1. Between Ser101, Ser67, which is surrounded by 15 or more Cβ atoms within 10 Å (Cβ to Cβ), at pLDDT below 95 and in contact with a Gly (Cβ under 9 Å, 6 or more places away or on another chain)?
2. Given Ile161, Ile115, which one is at pLDDT below 95, under 14 Å from Gly71 (Cβ atoms), of a type in the set (Val, Ile, Thr) and surrounded by 15 or more Cβ atoms within 10 Å (Cβ to Cβ)?
3. In this structure, is Gly223 of a type outside the set (Phe, Trp, Tyr) and closer than 22 Å to Ala18 by Cβ?
4. Can you go through Ala83, Ala126, Ala145 and tell me which one is touching a residue at least 40 places away in the same chain (Cβ under 8 Å), under 18 Å from Ile42 (Cα atoms), surrounded by 14 or more Cβ atoms within 10 Å (Cβ to Cβ) and of a type in the set (Gly, Ala, Ser)?
5. Within the stretch 118-145, which residues are of a type in the set (Lys, Arg) and in a helix (DSSP H, G or I)?
6. Determine whether the stretch 126-141 contains at least one residue that is closer than 27 Å to Val93 by Cβ, at pLDDT below 95 and touching a Leu at 6+ places or on another chain (Cβ under 6 Å).
7. Could you please give the count of residues in the stretch 146-164 that are in contact with a Ser or Thr (Cβ under 6 Å, 6 or more places away or on another chain) and either over 20 Å from His186 (Cβ atoms) or assigned to a helix (DSSP H, G or I) (or both)?
8. Within the stretch 27-64, can you find the residues that are among the polar types (S, T, N, Q) and crowded, with 16+ Cβ neighbours inside 10 Å?
Amino acid sequence: MLHPDRALQGAGLGLRRALLGPLLLLEEGDVDFLEAAPENWIGVGGRFGKQFRALAERYPLVLHGLSLNIGGPDPIDTQLVCAVRDLMREIHVPLYSEHLSYCAVDGHLYDLLPIPFTEEAVHHVAGRVRQVQDILGRSIALENASYYAQPHADLSEAQFINAVQQESGCDLLLDVNNIYVNAINHRYDPYDFLDTLSLQRVRYIHIAGHYDEAPDLKVDTHGRDVIDPVWALLGAAYRRLGPLPTLLERDFNLPPLPVLLTEIAHIRAVQQDCQSTGAEAVA
């Protein structure tokens, strides 16, 4: 059974292999949807494969890629895209997303690196996105990425993201923690960034913790709890967008599942606050 987009709602959690068993034991409603990296699950069988497919039957599940290399110079890995398409069909996945970055030049670099914010790069990325969308037979969502070295820029970051969306017809995965991290590292106002970003095609939202390397240097590690300024920025995003589906990313220093569920509950509280505020405004 295909989970339609309207079933992608509430608060979700990134799937890690260590969470397979605990997630299968959860009560219904503890988590609303899951997100998995397709590279970690394509072709996986045995016990892990059975658990993964059991979760895909139980929860709406989206795929969030790690190695598409959408901004890189190498040809698109069409074998990977076809494998993603087949996995989406097999377990009825409504959405595939990737990072607006590059990760390979004559071989994988094992990092997500920034694309120059130029018109030439917009055309390059948009053409590659259209190629992927043609193979999949559906639109993909691109995530606003964190970056630490400023690439060459004729456009602002927001202008670049907007232009890629416009030219390729892709959707947006809005990563609130990345906005906060980039705002600190590159000294801009995250709320102004939200106001200049085209948000009409946001499909869902990411939130995560990060590492404080220094007061003016934050690293997007997904290895710590979400901090108050990022929760506040999430609330600001909801005020602009409504309480869209929001996923907690936690990739390192993974705590027990009950600890993660407290942050899932926090997402829901911010969503509920947005709904209550909106209802009061209408009244």
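The values are calculated or read from the model by the stated rules, or taken from the named source; none is laboratory data. A quick note: this is a predicted structure, and the numbers were derived from the prediction, not measured. Every residue, glycine among them, receives a Cβ derived from its backbone with ideal geometry; neighbour counts consider all protein chains shown.
1. Ser101
2. Sole residue among the options that is at pLDDT below 95, under 14 Å from Gly71 (Cβ atoms), of a type in the set (Val, Ile, Thr) and surrounded by 15 or more Cβ atoms within 10 Å (Cβ to Cβ): Ile115.
3. So Gly223 fits the description; yes.
4. Numbers: Ala126 fails: under 18 Å from Ile42 (Cα atoms); Ala145 fails: under 18 Å from Ile42 (Cα atoms).
Going through Ala83, Ala126, Ala145 in turn, just one is touching a residue at least 40 places away in the same chain (Cβ under 8 Å), under 18 Å from Ile42 (Cα atoms), surrounded by 14 or more Cβ atoms within 10 Å (Cβ to Cβ) and of a type in the set (Gly, Ala, Ser): Ala83.
5. To start, the set of residues in the stretch 118-145 that are of a type in the set (Lys, Arg) comprises 128, 130, 138.
Within the stretch 118-145, Arg128, Arg130 meet the criteria.
6. No, because not a single residue in the stretch 126-141 is closer than 27 Å to Val93 by Cβ, at pLDDT below 95 and touching a Leu at 6+ places or on another chain (Cβ under 6 Å).
7. The qualifying residues number 2.
8. So the first thing to find is which residues in the stretch 27-64 are among the polar types (S, T, N, Q), and the list is 40, 51.
The one that is among the polar types (S, T, N, Q) and crowded, with 16+ Cβ neighbours inside 10 Å: Gln51.
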